[in-house]
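Read the structure below first, then the notes.
What follows draws every value from the coordinates through simple rules; no lab data is involved. Just so we're clear, the structure is a prediction, and the values are computed from it rather than from any experiment. Cβ sites come from the backbone with ideal geometry, for glycine too, and all protein chains shown count toward neighbours.
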């Protein structure tokens, strides 16, 4: 392979890699306060004095909405975040800003418990990808 062709192939690989990163919105491992999650919304319904589902898994930047479908108020707490009293038919929300497992409870109804897990516990950040090494020209 000629030197010019090798440079063209390398340039094409780098452009394709940059395009793939741009299209997927890859920003690297998420850290508190910087996003890194999907920004999606998960809803937990409060009905019959239960959280349904009682356990959810989300990523940093995701929002959990608590929808009170009971006929009585609830007072939702996620971890140490007190979302306040919530009247029937109303919703409150919480946005995940750190990895971990957070207990979920209603301060009015002690039997209402659950948990929100943010991120995957024990996972290490992915290794950086080397892009500065040109492809081998042997065998072309």
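If you average the sequence gap of Cα pairs under 8 Å that are 6 or more apart and divide by the length of segment 41-118, what percent do you get for the contact order?
34
Within segment 78-99, what residues put their amide N at less than 20 Å from the label point 7 Å along the Cα-to-Cβ vector of residue 54?
78-80
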